[in-house]
Amino acid sequence: DVKVTQSSRYLVKRTGEKVFLECVQDMDHENMFWYRQDPGLGLRLIYFSYDVKMKEKGDIPEGYSVSREKKERFSLILESASTNQTSMYLCASSLPRGQGGSNQPQHFGDGTRLSIL
Amino acid sequence: GQSLEQPSEVTAVEGAIVQINCTYQTSGFYGLSWYQQHDGGAPTFLSYNGLDGLEETGRFSSFLSRSDSYGYLLLQELQMKDSASYFCAVRDENNAGNMLTFGGGTRLMVKP
C-alpha cells in the first residue's frame, strides 16, 4: 500500500512566521501535490511537482512556495504566514498519467490542520 | 478555467440508493474521478471514468456522459459507514492530464 506521511497532524503558528509542512511518500511516485481544503471549496491545488526540482503552480500559489530536493519528499513553505492561510493542508502523490493506464489515482496523506494566530 | 458543480449535501436512509451528480466545464478532458473522505480522514480514490458509460465496483457505480459534461456516483445498499464527503474531480489537459480539479464535495448523511 502507498503511504503518504505528513509531518504534523495539527500545527499552530503566529502571523509572520515562516512555516514548513513536510510530506514523504514511500512508493517512488514521480508526481506530488499540495492542496488546501476549506469547507464548501473542495480541494484546491497549490503546487504540483512532477520530478525532483520541478514544480508547477496550481490554482492558488500566492503566499506559498515548494521544495522538492528528493523524489520522496515534497515541502510546502508559507513564507510569511497570515491568518487567511488557516486551513487543512493535504499532500498527495501519484504515478504519471499514462504509466500503466490512463488513470493514476492520487494517494493522500491524513492532512495537517494549520492554525495561524 | 475548470469548474465542477455537485450538490453540497445529500441525506438517505440505510439500505437505500443514492445518486450524486457532477457537472463540469473544462478545457480538454481526460476523465472523471470520484474520491471519498470520512471526517478527519484522507480522501481515497473510489472510481474513474475515461469513456462514456457505467463503471461498477461492488456497491458503487460511476457514470459518465462526455457529450453532456456530466457524471454521477451511484451508491447502492447504503450503509452507515458510507456517511462521508464525496468529491468529483476532472483530469484535464493541464500538464498532460496529471493534475486534478476537484468539485466542492457532497456530504452524504446516511440515517438508520
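Key figures for this structure:
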{"read-out": "Qualifying residue in region A:79-89 (condition: in contact with a Gly (Cβ under 6 Å, 6 or more places away or on another chain), more than 14 Å from chain B (Cβ to nearest Cβ) and either at pLDDT below 95 or farther than 15 Å from A:THR5 by Cα (or both))", "value": "yes"}
{"read-out": "Test for B:SER27: is it among the small types (Gly, Ala, Ser) and assigned to a strand (DSSP E or B)", "value": "no"}
{"read-out": "Residue that is without any contact (Cβ under 8 Å) to a residue 40 or more places away in the chain and out of contact with any Lys or Arg (no Cβ under 7 Å at 6 or more places or on another chain), where the choices are A:THR15, A:THR86", "value": "A:THR86"}
{"read-out": "Selected residue (criterion: nearest to B:ILE17 (Cα to Cα)) from residues of region B:33-63 that are touching a Gly at 6+ places or on another chain (Cβ under 7 Å) and among the aromatic types (Phe, Trp, Tyr)", "value": "B:PHE63"}
{"read-out": "Residue under evaluation A:SER49, criteria (1) away from chain B (no Cβ under 11 Å); (2) in contact (Cβ under 8 Å) with a residue 24 or more places away in the chain; (3) surrounded by 13 or more Cβ atoms within 10 Å (Cβ to Cβ); (4) in a strand (DSSP E or B), criterion not met", "value": "(1)"}
{"read-out": "Criterion: surrounded by fewer than 20 Cβ atoms within 10 Å (Cβ to Cβ) and more than 11 Å from chain A (Cβ to nearest Cβ) - qualifying residue of B:SER62, B:SER67, B:SER8", "value": "B:SER67"}
{"read-out": "Residue satisfying all of: in region A:90-117; away from chain B (no Cβ under 13 Å) and surrounded by 15 or more Cβ atoms within 10 Å (Cβ to Cβ); nearest to B:MET99 (Cα to Cα) among these", "value": "A:LEU114"}
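The values are calculated or read from the model by the stated rules, or taken from the named source; none is laboratory data. All of these numbers come straight from a predicted model, not from anything done at the bench. Here Cβ is always computed from backbone atoms with ideal geometry, including for glycine, and neighbour counts include all displayed protein chains.
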